[in-house]
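Everything on this sheet refers to the single structure shown next.
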Amino acid sequence: MRDNFVLENMKNGIPSTGISLTFPSTHMLEMCAYAGFDWALIDCEHGSMTNESVESLVIASEAANIIPIVRPSTAFSTNLGPLLDRGVMGVQF
């Protein structure tokens with residue numbers, strides 16, 4: 001597992017920038033990384049994300065060196081497990 005530099009920045013009082021993705025576009029995530037964003041919020045609550053699209057975005061985030069954070073559609077543990085299994089590095093409720 002790779003290091004979560006956004007979490008380290010937070011611990012050290014260093015701000016990180018990010019963006020919310022409400023549609024499953026690996027190209028958009030890559031452009032966000034080139035624009036200098038540190039993290040991307042994969043929004044499953046208000047967006048059109050499936051577990052498979054989350055997995056694709058997590059894979060793309062590794063290649064782009066951007067931290068994937070997910071907002072699950074619900075806070076039930078049955079929804080969190082599959083998202084965490086796909087490699088997200090943070091959860092926002």
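Only residues that are surrounded by 12 or more Cβ atoms within 10 Å (Cβ to Cβ) and not β-branched (V, I, T) were counted in the stretch 33-48, giving 10. The single condition among (1) touching a strand residue (DSSP E or B) at 6+ places or on another chain (Cβ under 7 Å); (2) closer than 17 Å to M1 by Cα that E45 does not meet is (2).
Count of the stretch 73-93 residues, restricted to those that are exposed (fewer than 14 other Cβ atoms within 10 Å of the Cβ) and part of a loop (DSSP other than H, G, I, E, B), is 5.
Within the stretch 1-54, the set of residues being of a type in the set (S, T, Y), touching a helix residue (DSSP H, G or I) at 6+ places or on another chain (Cβ under 7 Å) and not in a loop (DSSP other than H, G, I, E, B) comprises just one member, T26. Is it the case that V70 is closer than 19 Å to M1 by Cβ, surrounded by 20 or more Cβ atoms within 10 Å (Cβ to Cβ) and either modelled with pLDDT of 90 or more or polar (S, T, N, Q) (or both)? The answer is yes for V70.
Count of the stretch 37-93 residues, restricted to those that are closer than 17 Å to M10 by Cα and free of Cβ contacts under 8 Å to residues at least 24 places away in the same chain, is 1. Restricting the stretch 2-12 to residues that are touching a residue at least 40 places away in the same chain (Cβ under 8 Å) and out of contact with any Phe, Trp or Tyr (no Cβ under 7 Å at 6 or more places or on another chain), the residue that is surrounded by the fewest Cβ atoms within 10 Å (Cβ to Cβ) is R2.
Residues of the stretch 13-32 that are among the aliphatic types (A, V, I, L, M) and surrounded by fewer than 18 Cβ atoms within 10 Å (Cβ to Cβ): I14, I19, M28, M31.
The values are calculated or read from the model by the stated rules, or taken from the named source; none is laboratory data. Model, not experiment: these values are computed from the prediction. Here the Cβ is made from the backbone with ideal geometry for all residues, glycine too, and neighbour counts use every protein chain on show.
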